[in-house]
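The values are calculated or read from the model by the stated rules, or taken from the named source; none is laboratory data. Computed from a predicted structure; not experimentally measured. Every residue, glycine as well, gets a Cβ built from its backbone with ideal geometry; the counts of neighbours run over all protein chains shown.
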Amino acid sequence: MKATGIVRRIDDLGRVVIPKEIRRTLRIREGDPLEILWIMMVKLF
């Protein structure tokens with residue numbers, strides 16, 4: 001995953017705005033379904 005340096009806050013309704021540049025790059029359009037996955041990563045030393 002590439003770091004973008006973009007930080008977005010969750011609003012009081014639990015929404016997150018995906019910046020237009022990222023939506024355009026990923027070809028995400030209004031009304032498209034979006035699955036959010038939570039992947040736990042553990043760093044071992």
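List of remarks:
- Failed item, numbered, when residue 29 is tested on (1) modelled with pLDDT under 95; (2) among the basic types (Lys, Arg); (3) exposed (fewer than 10 other Cβ atoms within 10 Å of the Cβ): (1)
- No other residue among 10, 39, 22, 18 is free of Cβ contacts under 8 Å to residues at least 60 places away in the same chain, surrounded by 10 or more Cβ atoms within 10 Å (Cβ to Cβ), part of a loop (DSSP other than H, G, I, E, B) and among the hydrophobic types (A, V, I, L, M, F, W, C) apart from 18.
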